[in-house]
Amino acid sequence: MVLPGTNIDLFGEIRIRTIKSLLFVLLCLPAAWMLFELLAGRLVEPVEELTHGSGEWALRILLATLAITPLRKLTGWHKLIRLRRMLGLFAFAYMVMHFSVYLVLDQYFYWPEIVADLTERTYIIAGFTCLVLCLPLAATSTDGMMRRLGGRNWKRLHRLVYPAAIAAVLHFIWLVKADLVEPAIYGAILVLLLGWRVRESGQRRTHKPKTRSTPIMGQG
Ligand code: HEM
């Protein structure tokens, strides 16, 4: 239903706002559950379980963020894009939680060990790379920053999410000693998402007109 005198699709608007609110609650649940289990003394190996829980959720949400654009194109429901920023910020929040558990509870801020890990252990270097690549993305996620950078530069910067996701999957693959099934599943999902992205940009390049008369700033 379109509101008279506007082009606002009322039901579509209600639907996306409801989904966004539900998703917000859902994304808070893993952290709330981990905190509850910790405070209730139900974690057998608290540091290990918090590290694994936060790391896995960071990766899942990061991949869900990457899935928004393909889903939007496949379903034709463009309002889905309004979930992407929230998903990305939640992925970053779980990464920060994961890194904080490592820094505070695992290493007790013991810098010589941390520096040794960050320079010698390949899987830690990959995890850190992902976190560092996501920092500018989180910092420029506001509408104000998008305006200040300009749509085209903002989009270019936010392509860092792809190497970040590759680094996150490598982090998981390299830390696993025996059973590679789980990291391989995340890896396969990432390959599918990257493959879709490469195909899309190939098609866009093929259909792009030779000259353009209007700027494309600010396109989602
Ligand atoms: C400075 C950054 C990071 C550090 C120091 C770090 C450290 C760790 C450590 C110590 C483990 C446990 C290793 C083990 O059990 O032997 C781990 C596991 C994991 N990390 Fe990270 N990590 C970092 C960044 C990330 C990021 C950015 C992501 C995801 C986006 C991530 C996802 C994971 C996953 C999925 C696991 C495995 C969980 C499981 O075994 O179920 N990590 N990380």
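Per DSSP H run of at least 4 residues, take -39500 (n - 2.57); add these up for the chain, divide by its residues and hand me the 222 nm value, nearest 500 deg cm²/dmol.
Estimated from H runs of four or more residues: -25000 deg cm²/dmol.
Exposure proxy check: 134, 28 ranked by fewest other beta carbons within 10 Å?
Listed from fewest to most nearby Cβ atoms, that is 28, 134.
Could you please report the charge total around residue 70, scoring K, R as +1 and D, E as -1 over all other residues with beta-carbon less than 12 angstrom from its beta-carbon?
Working: positive: 72, 73, 84, 197, 199; negative: 200.
In short, +4.
Give, to the nearest whole percent, the P(r) tail of the chain beyond 23 angstrom, counting all Cα pairs.
The share of Cα pairs beyond 23 Å in the chain comes to 56 percent.
Measure off 7 Å from each Cα along the Cα-to-Cβ vector at residue 32 and residue 125, then give the distance between these two points in nanometres to one decimal.
With each label point 7 Å from Cα toward Cβ, the separation is 4.1 nm.
Take each uninterrupted DSSP H stretch in the chain, measure its Cα extent along the helix axis, and return the ones at 27 Å or beyond whose mean Kyte-Doolittle hydropathy is at least -0.5.
Counting only whole DSSP H runs, the qualifying helices are 10-39, 46-75, 181-207.
Quick check on the exposure proxy: order 90, 11 from fewest to most C-beta atoms within 10 angstrom.
Least crowded to most crowded, the residues run 11, 90.
For region 10-199, what number of Lys pairs, 8 or more residues apart or on separate chains, have alpha-carbon atoms under 22 Å from each other?
4
Can you put 45, 37, 113 in order, fewest other beta carbons within 10 Å first?
Final ranking by Cβ density, sparse to dense: 45, 113, 37.
Taking the simple approach of a point 7 Å from Cα along Cα-to-Cβ for both residue 205 and residue 82, what is their distance in nm?
3.5
Suppose every K and R has +1 on its Cβ and every D and E has -1 on its Cβ; what is the size of the dipole of region 10-199 about the Cα centre, in Debye to the nearest 20?
1720
Tell me the net charge near residue 167. Cut-off is 15 Å between Cβ atoms, residue 167 excluded, with +1 for each Lys or Arg and -1 for each Asp or Glu. Please list the in-between numbers first.
Details: positive: 121, 159; negative: none.
With Lys, Arg at +1 and Asp, Glu at -1, the neighbours total +2.
Whole Å is fine, so just give me how far the alpha carbon centre of region 138-204 lies from that of region 46-78.
11
How much net charge surrounds residue 106 when only the other residues with a Cβ under 10 Å from the Cβ of residue 106 are counted, with Lys and Arg +1 and Asp and Glu -1?
Residues near residue 106 contribute -3 overall.
Scattering from the C-alpha atoms of region 21-140 alone, worked out with Debye: what is log10 I(q)/I(0) at q = 0.17 1/Å?
Normalising to I(0) and taking log10 leaves -0.93.
Anyone know which of 161, 176, 44 comes out most mobile in the 10 Å Cα GNM of the chain?
Comparing 161, 176, 44 in the GNM, the peak value goes to 44.
Laboratory data are not the source of any read-out in this text; all were calculated from the coordinates shown. If you're wondering where the values come from, they're calculated on a predicted model, not measured in any experiment. Here the Cβ is made from the backbone with ideal geometry for all residues, glycine too, and neighbour counts use every protein chain on show.
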